[in-house]
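Notes for the one structure printed next.
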Amino acid sequence: MAAPLTFNGIHSSPTAPVDWDRMAARARSMRRSKAVALYAFLIAVSLPIILPYFWLVTIAFSARTGVADTVVLWRSVAVLAPAVIAFWLAAVLARNRRQLWLGLTAIALAATAAFAWLVGPDLHLRNFIFLVEPDFASVVRSRVGAVHGAIQFPSVWRAFGNSLLIAGSQTIVVLTVASLAAYYLSRFQFPARAAMLRSLLILHAFPVLTLIVPMFLMLYWIGLLDTLFGVICVLVAFELPFAIFIMKGFFDAVPWDIEMSALTDGASRRQAFLLVVLPQVRNGLLAVAVFTFIRGWEEYIFVFTFLIRNTNWTMSLYMYYVRDDVMGVDYGVVSAVGVFYLVPSLILYVAAQRYLMQMSIGGVKG
Amino acid sequence: MSAVTDLAVERRYRAASAVRRRTNFVLFLGPAIALTFLFFVIPVLIDIAVSFTDLDRTLRISKFTTEQYQKVFRGDSRLPQVIGLTVVYVFGTLAIFNVTFGLVLALTTTSLNKVSGGFFRGVWLLPRMSPSVLYILLWLWVINPSDVGLLNQFLMPALGLARPLDLMTSAPVALIIIANGFIGASLGMIIFTAAIRGIPEHLFYAAEVDGAGTLAKIRFITLPALRWPISFVTIYQTLSLLVSFEYILLLTKGGPFYDTTVFALYVYRRAFTSGQYGYGAALALFLIVIGAAAALLGWRFFDFKRLLQHPRIEVH
Amino acid sequence: MRHVKTAMAALLLAALGGGSAAIFVSAPAPAQTTVKLELWSRQDPSGPLRPANVVKAADRLNKELAAEGSGKRVKVAVHESPAPGFDDDALQLLKVFGIGQGPDLFIAAHEWICAFQQEGFALKLDDYIAKYPQYFTTIFPSLWQSVKCSDGIYGIPQDAEARMFFYNKKLLREAGYDDAFIEAMPARTLSGELTMDDVIDIANRVINKAKAQYGILHRPNKGPDYIMAFQSYGNNFLDPGTGKLLLERDKLAAAFGWFERGVKQGVIPANNTSMEFDALRKAFYTGNAAFWMYGIWDLGTYAFPTYGLPKDEAGFFADWGWIAAPPAKKGGQAGSLTHPIIYAVAARVADPELAVRLLGHASDADLNTDHAVTTTHLGIKSEQLKDPRYAGAWPLARATELLKITKFLPNNPQFGDLNGIIYTALQGVETGRLSGQQAADFVVDEATSSLKDVIVK
């Protein structure tokens, strides 16, 4: 006699007829309620993250008097939340593709119209004045007196350029040095190899922020304090072990045959590296490049500590001082600067999403 | 005659190969070694040296002394509080957010379909990917102690409060734990998601057939598979939480009073705000030692043999 | 061909000869050199004319130099620092000087000047001041006290002011106080009848009876104002005999105790030190707070232009007023605090005499009056009192009365750091982390471990 079958804990004796439809319906409803619970939970915990970023964007495009109000935020949410729910319902209820597209388009049109009617009139671009007017502080608010010849902030494009310089140089140097070193560590045998790999293990996890005090003194004694070059050097060195570690993982994954065939075809090891192996680890290069760039772009603590005279501004410093403005904080401008600062990070992040998941922390057990 | 020339050719070839080997070493590894030595080894030596001086704001060393260490062990009445706070902060953030919540997020997002799961994971990666100054700015606006702050807009009607909440003064430690937790949860989420994706599907089907509910599946299939990733995240995130203070510095500046000054931030305050570089170096040395020890501990997670994959080409 | 060449050579020689002869014959015009001086200034809405006056002074100096026949010209570049207060700015400037990148001239708060002097960053000015009496002899003698360090004068006073407790008469009336009481408050403070605790009681009644949220507000960052309260409790922080820093535990505890009582009664907000300056000003000037421990320049900088308080004397004193810092006990001495801002010269400046002359011109009576009148600061020279603009600015005249009882912060090189410690302890007391006595112990501990030569009683 077969053992009693159990589905989701429902015992059925082999003799009584099984009501498959009821069981299937119950299983379906349980699955649906589980999905609803999951979605509800995830939406609830993700809301504290989505809402402030959305608020930032709405203030950037709508604040008039320099005050951070939430009226526009709530109106936008009042339009977008039903739109999102409607989208989801359409996706669930639509029975074929045509219905789905019809439904989505209709909802999109309705949402846009509602948005334009409710929120549209409040939107303006005046908070982005800092992009064109370096002395936006005097334009945005009236000051008691004006200091001849002194502008409160440098042009934002200068800070943008400096940040780009720091992040860009850091990325290029790290990519070059890390791929060279990782390739050598991965593919060559030399006496100190094991020792170097061991020290790489320590270094890549070593907390670099602990070295900030001696780093400050060292830069001072070399004479590189208060220079962008000094900051770039420090950032490159601190990012290096982790980058080498990741790149080595990618190099280890490249099969040996490719190189062997290149060598038998007469290439030198260096040519094999450049022409044959490097293209294979393109994903790794991209991942490391994106991460290094984002880190350099957001770098605040080293820039804040090592740049003393405030003649070299970066976007992070610009953002910090605009936010902490002694002369009076204009929330509209601050949000606009925030949006401007955030956009490159966001673009890179979205583009690199795929590589994020692919990046293996090479060599991890389990 | 040809044997002699063959020998000569071979000798020349080997000599050239030796030269190439050396130049390859310098070319490939040289920059990395130089940078690492200059920016890791030398600062540690400098730190040890400076911790035995009285270096202060004038950046001039006048004497060598052990008074900084005397201060650490006897004279500093702030230190016990700072250390206690650091322990609470590190384990609180780790236990609540980095490991637990990261796990919860990984489990829940992998139970959804790929697109929705990816969307929620993307949202939770946003704090980590946005610049720190911006992220903290948003936090400051959310907890603003007036009607303008988003949190007060929610909680005042919800809890029926008469006066707006001021988290910065009434619950600063909770504040820094949550603010850092949002960032920390994302790393755990990624690692655990990758590990969960690596579990073969058939195990889940077999369990379902045997009557396992969701919780049982998690307990018996998912969690065992995550044993190594969880330990990995725990050790690494402990280290990272121990030494990072950037978000705390931006959010509360270590205040009010010394309430949110964790050890790393205490080093920073002593060195850069009060100008006591010698004392800061002495304190930092403890962090450096702990950091090195924890990094050494992380060895256990690495299959060293796999890392040491022996090269299969001997040519240079 | 050779002839052409010879002819060309001859022509060239003639031209050269003629030219050089012309040069030597004509009057020797002096070569013009531009001396660039960098001025470090803090972004400060209450003092935009401080650096601007130096820039204007450069024009005046250049005219003078031209009249003298000198070829030197001065050009001033202003470097604005975004520090939120003079204390943070001084710390930043010390760091900048420390790494050898200091400016040529700087504007600082007076109590920090001896820190610059001690580390050799500031220029000793006695000889230069003696050489150019026309700029400096008419400056009030008492102001020179604020720029003297152990071995001489290291700064030029730029302005003075008076600090007090502003109060909102309308709120007091709403709380049930009659006009006689309200109008008598300043006089009673000066005579020693109104004490610090009385101020807490008045504020308490205001927040209970009137529609005000706050009782007493003070500045949220490091600065001189709250030191007024410490001085009322007898803390002068300076040992007169040795010039070293002096800390008296029980007097410190008494002063912190006043803040502790204020917070416990809900009169001082617990998060005063983390509120924003704008929020604090708005709270007081829109009638949400009873007392505002701040200074006279806030009237010209914010109260009149931004919050529309009445600009005429009668209109102002109908609803607003101020009292000096009350004494701790009945019969004690009321006080006030004056915090002069000063101009100083860097020690390593290339042309010190030119720099001092420039600052001398920046201290001209008319330029100083511009600054004083637009931002309600007190002037530095006696002849300013005769300026009709100055005389017409009634806040200045009324504030001058407080100068009789005013004190300065001590000019000890370490006082700035001590103020930082006091501020941290104050934050601890107000947020409830420290009691008054614990705060005093904290200040003593920190001061003895991080500062040198502190006398503790």
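With the alpha-carbon atoms of the range B:67-305 aligned to their principal axes, the span from lowest to highest coordinate is 67, 57, 27 Å, starting with the largest.
For chain A, the mean residue ellipticity at 222 nm estimated from helices alone is -22500 deg cm²/dmol, where every DSSP H run of n ≥ 4 contributes -39500 (n - 2.57) and the total is divided by all residues, rounded to the nearest 500. Restriction of the chymotrypsin sites (Phe, Trp or Tyr not before Pro) in the range C:278-351 to DSSP coil positions whose beta-carbon has at most 16 other beta-carbons within 10 angstrom yields C:Tyr307.
Note that the range A:26-124 presents 62 Å² accessible area per residue, ligands and nucleic acids not counted, probe 1.4 Å. Among beta bridges identified by DSSP and lying wholly in the protein assembly as shown, the antiparallel ones come to about 60 percent.
Across the protein chains, with a 1.4 Å probe defining accessible surface, the residues B:Tyr258, A:Tyr39 rank A:Tyr39, B:Tyr258 from largest area downward. Buried surface between chains B and C: roughly 1900 Å² of accessible area, summed over both sides, computed with a 1.4 Å probe on protein heavy atoms only. In the range B:75-180, Cα pairs under 8 Å separated by at least six residues give a relative contact order of 20 percent. Relative to the longest principal axis of the Cα atoms of chain C, helix C:436-450 runs at roughly 30 degrees. Between the residues A:Leu274, C:Pro224, B:Thr36, the greatest Cα displacement towards the positive end of the dipole of the protein assembly as shown, with unit charges on the Cβ of Lys, Arg, Asp and Glu, is found for A:Leu274. Loop sites by DSSP among the trypsin sites (Lys or Arg not before Pro) of chain A, restricted to those with at most 12 other Cβ atoms within 10 angstrom, leave A:96-366 as the longest stretch without any of them. Of the whole protein surface, B:Trp139 contributes about 40 Å² of accessible area at a 1.4 Å probe radius. Residues of the range B:171-198 falling in the label zone of A:Gln353, defined by backbone nitrogen less than 19 Å from a point 7 Å along Cα to beta-carbon, are B:186-195, B:197.
Of all aspartates and glutamates in the structure, those lying under 14 Å Cα to Cα from C:Lys148, and not within fewer than 8 positions of it along the same chain, are C:Glu111, C:Asp126, C:Asp127. Seen from C:Ala318, the other residues with C-beta closer than 13 Å to its C-beta sum to a net charge of -1, counting Lys and Arg as +1 and Asp and Glu as -1. Span-like helix check, chain A: qualifying full DSSP H segments, with Cα axial length of 27 Å or more and mean Kyte-Doolittle of 0.0 or more, are A:20-62, A:71-93, A:97-118, A:156-187, A:228-252, A:331-358. Extension gain for C:Lys282-C:Gln333 works out to 15.2 nm (0.36 nm per residue, less the C-alpha to C-alpha distance).
Convex hull volume of the C-alpha atoms in the range C:339-399, normalised per residue: 86 Å³.
Partners of A:Lys34 within straight-line reach, counting lysines whose Cα lies under 17 Å from its Cα and excluding those fewer than 8 residues away in the same chain: B:Lys114, B:Lys217.
Across the options B:Trp139, B:Pro127, B:Phe286, the greatest Cα extent toward the positive end of the charge dipole of the range B:67-305 (unit charges at beta carbon of Lys, Arg, Asp, Glu) belongs to B:Phe286. Pairs from the table (C:Lys330/C:Lys404; C:Lys63/C:Lys386; C:Lys170/C:Lys404; B:Lys253/C:Lys404) lying more than 30 angstrom apart at Cα are B:Lys253/C:Lys404. To put it simply, the accessible area of the range C:398-438 at a 1.4 Å probe is 50 percent carbon and sulfur. For chain C, adding -39500 (n - 2.57) for each run of n ≥ 4 DSSP H residues and dividing by the number of residues yields -14000 deg cm²/dmol at 222 nm.
Going by a ≥ b ≥ c, the root eigenvalues of the Cα gyration tensor, does the range C:205-313 fall in the rounded group (a/c under 1.5), the prolate group (a/b larger than b/c) or the oblate group? Note, shape of the range C:205-313 comes out oblate.
Cα centroid separation, the range B:240-316 to the range C:231-273: 38 Å. Think of a 1.4 Å ball rolled over the protein heavy atoms: the range B:67-305 then has 39 Å² of accessible area per residue. Taking the Cβ-Cβ separation of C:Asp201 and A:Thr65 as r and a Förster radius of 30 Å, what is the calculated FRET efficiency to the nearest 0.05? After rounding, the FRET efficiency stands at 0.20. For the protein assembly as shown, taking the reciprocal of the average inverse distance between every pair of different Cα atoms yields a Kirkwood hydrodynamic radius of 34.1 Å.
Alpha carbon centre of the range B:44-79 versus the range A:249-311: separation in Å? Taking the Cα centre of each part, the range B:44-79 and the range A:249-311 sit 40 Å apart. Take chain B and mark each of the trypsin sites (Lys or Arg not before Pro) that is in a DSSP loop with at most 11 other Cβ atoms within 10 Å; the longest unmarked stretch, sites excluded, is B:64-311. Relative contact order of chain A: 24 percent, from C-alpha pairs under 8 Å at least 6 residues apart in sequence. Averaging Cα coordinates gives a centre for the range A:174-225 and one for the range A:77-131; these two points are 50 Å apart.
Projecting the Cα atoms of C:Gly47, C:Leu409, C:Ile182 onto the dipole axis of chain C, where Lys and Arg carry +1 and Asp and Glu carry -1 at the beta carbon, places C:Gly47 farthest toward the positive end. Note on chain A: with charges restricted to the Cβ of Lys and Arg (+1) and Asp and Glu (-1), its dipole about the Cα centre is near 1040 debye. Per-residue mean of foreign Cβ neighbours for B:136-142 is 6 (Cβ atoms of other chains, 10 Å radius). Between the helical axis of C:49-68 and the longest alpha-carbon principal axis of chain C there is an angle of about 30 degrees.
Counting only whole DSSP H helices of chain B, the ones at least 30 Å long by C-alpha along their axis and with mean Kyte-Doolittle hydropathy no lower than 0.0 are B:2-36, B:172-197. Neighbours of A:Leu38, meaning other residues whose beta-carbon lies under 12 angstrom from its beta-carbon, give a summed charge of +3 when Lys and Arg score +1 and Asp and Glu score -1.
Give me the lysines in straight-line cross-link reach of B:Lys63: C-alpha distance below 27 Å, same-chain residues under 8 apart excluded. Qualifying lysines at Cα under 27 Å: B:Lys71, C:Lys95, C:Lys244, C:Lys452. When only the Cβ of Lys, Arg, Asp and Glu is charged (+1, +1, -1, -1), the dipole of chain B relative to its Cα centre reaches about 840 debye.
Compute the relative contact order of chain C as a whole-number percentage, counting only Cα pairs closer than 8 Å that sit 6 or more residues apart in sequence. Let's see the in-between values first.
Details: 808 pairs, mean separation 114.7, N = 457.
Computed value for chain C: 25 percent relative contact order.
Using protein heavy atoms only (no ligands, DNA or RNA), what is the total accessible area buried between B and A, 1.4 Å probe, nearest 100 Å²? Using a 1.4 Å probe, the pair buries roughly 10000 Å².
Evaluated with a Cβ-only charge set (Lys, Arg +1; Asp, Glu -1), the protein assembly as shown carries a dipole of roughly 3660 debye about its Cα centre, given to the nearest 20. Within the protein assembly as shown, the cysteines lacking any other cysteine Cβ closer than 4.7 Å to their own Cβ are A:Cys233.
Tell me the mean residue ellipticity at 222 nm calculated for chain B from its helices only (DSSP H runs of n ≥ 4, each -39500 (n - 2.57), averaged over every residue, nearest 500).
Only helices count here, giving -20500 deg cm²/dmol.
The values are calculated or read from the model by the stated rules, or taken from the named source; none is laboratory data. As the structure is a computational prediction, the values presented were derived from the model and not from experiment. Every residue, glycine as well, gets a Cβ built from its backbone with ideal geometry; the counts of neighbours run over all protein chains shown. The protein model used for the area step is the full one, side chains on, heavy atoms only, and it has no ligands, DNA or RNA in it. Shrake-Rupley method; radii C 1.70, N 1.55, O 1.52, S 1.80 Å.
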